[in-house]
1. For region 277-314, which trypsin sites (Lys or Arg not before Pro) are in a loop by DSSP, counting at most 13 other Cβ atoms within 10 Å?
2. Given H placed 1.01 Å from N in the peptide plane, which residues other than close sequence neighbours of G58 have an amide H under 5 Å from its amide H?
3. Of the options G302, L359, F264, report the single residue whose Cα projects farthest towards the positive end of the charge dipole of the chain (beta-carbon charges: Lys, Arg +1; Asp, Glu -1).
4. Got the relative contact order for region 21-137 handy, in percent, Cα pairs under 8 Å and 6 or more residues apart?
5. In percent, what relative contact order does region 298-401 have, based on Cα pairs under 8 Å that are 6 or more apart in sequence?
6. Just subtract the alpha-carbon distance of R350 and E138 from 0.36 nm times their residue separation and send over the number in nm, one decimal.
7. Compute the separation of the alpha-carbon centres of region 153-188 and region 257-313 and state it in Å as a whole number.
8. Can you pull out the GluC sites (Glu not before Pro) in region 326-418 whose DSSP state is coil and whose Cβ has at most 14 other Cβ atoms within 10 Å?
Amino acid sequence: MEKIISLCKRRGFVFASSEIYGGFQAVYDYGPYGVLLANNIKQAWWQAMVQAREDIVGLDSSIFMHPKIWEASGHISGFSDPLSECKNCHTRSRVDHLLEEVNVFADEKMSEDEVNKIFDEHKSKIKCPSCGKSDFSEAKKFNLLVKSNLGNFTGDPMENPSYLRGETCQGIYVNYKNVVDSTRVKMPFGIAQIGKAFRNEITARQFIFRTREFEQMEMQYLTHPDNEMKEYEKLKVDRFDYYINNLGINKDNLRWHEHENLVFYAKAAFDIEYKFPFGFKELEGVHARSNYDLTQHAKFSGKDLEYKDPQTGEKYLPHIIESSVGVGRTMLAVLTDAFVEEELGPEDTRIVMKFNKKLAPIKVAVFPLLKNKPELVSKAREVFDMLKLKYMCEFDDNGNIGKRYRRQDEIGTPYCLTVDFDTLEDGCVTIRDRDTMKQERIKIAELTSFLAKELE
Ligand code: ATP
């Protein structure tokens, strides 16, 4: 993990937020390569989820919504994590996470008393993740919704707050009728959305795995009640395969985890877990949620949210299955999976990020062999200009070629092209492959068709 964090900072993937002010806990900024990687991840998700599917449409709902939405969803009363403080070092930890370490699983719907009962039974076996002592305070539940004073100009802004959304899917539920009325979707169909969410996470020590501001990619699929489980099984297969086929993740680093304690309305809940440097942890949730969400919104809004089948005339509240994953969490999985340290010889190692080529932030780097030879520089510029609008490219004329290769390896660039004196004669450049480090000559005129084959 230390190596990944250090590479992320050194090579401009991820910076701690507000670093010059000492940082701002559990919030991170994406640097020049991080933003490209995150964009490629979102594009891959959107392509698989929306573009490739005739039965799924997109949405971009706002971060702020009517506060009643969060009452209806249960977030105001129930969106809370139990927290305990280590009496020795004062580190606060989530009690459900502490219990997981001794293989005890607390239901997220348990009351404070119920959690404390289990915690009391097991806490002597649990050690503080910070100092290793075993001396914990009582568990206290803490609400995760982040409050704001949006639109509130008088009185205590925290008294009638607006909330920054704690998840993106509520925007999908409350818009589902608008989508039905304004498009040609027919049951079953899905609505997909990518957007920011905010949670007052208590423990957030695992880099970009858990942050207080994060981006979610969520797809809610609406079905006739009778078809919920059939569609759920299909979605499970699609989502697991997506990580292997679309993102190129090693399948040995992925597994399913079934929730032991289902919330009362859920039909099934599985998580796709990835083997992060700190162990297998949730990457994505794939859940069958029955008609709970729409039932709640119908009740709290007083609106009829039933779907009327245009063919049969049957009216029903659709059941919903969901796929929900964070961009940052996917990015950490992709970074972990790509990170390779290779021994090239005695005391010679290279770090190379073997990203799936579609996800690589920079696709092609173009180098003139020598910086001080104008004819090489201008030929290299010509190649760079020819490719730059098609692919994210980088021009680099700094230092020796070996160093330039190593820099590109660390940011995962699949191809480096070098313009040398022979280029001026034969119209060929040297193309070097990131993974095999093989170098070959290729005609400049053939570059676009070669790259199209390899990168698209
Ligand atoms: P946890 O139990 O780890 O807090 P959760 O089960 O509450 O997570 P969901 O509400 O199901 O998570 O969120 C769906 C997905 O959103 C998660 O699988 C994860 O990829 C992402 N996610 C949730 N919370 C965070 C966060 N604080 N930071 C980054 N990603 C998050």
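Taken together, the values in this text are just the output of simple stated rules run on the coordinates, not laboratory data. This is a predicted model, so every value here is computed, not measured. Every residue, glycine as well, gets a Cβ built from its backbone with ideal geometry; the counts of neighbours run over all protein chains shown.
1. For trypsin sites (Lys or Arg not before Pro) across region 277-314 that sit outside H, G, I, E and B with at most 13 neighbouring Cβ atoms in 10 Å, the list reads K303.
2. Result for G58 returns A192.
3. L359
4. It comes to 19 percent, rounded to a whole number.
5. 16 percent
6. Stretched out fully, the R350 to E138 stretch lengthens by 71.5 nm.
7. 16 Å
8. E347
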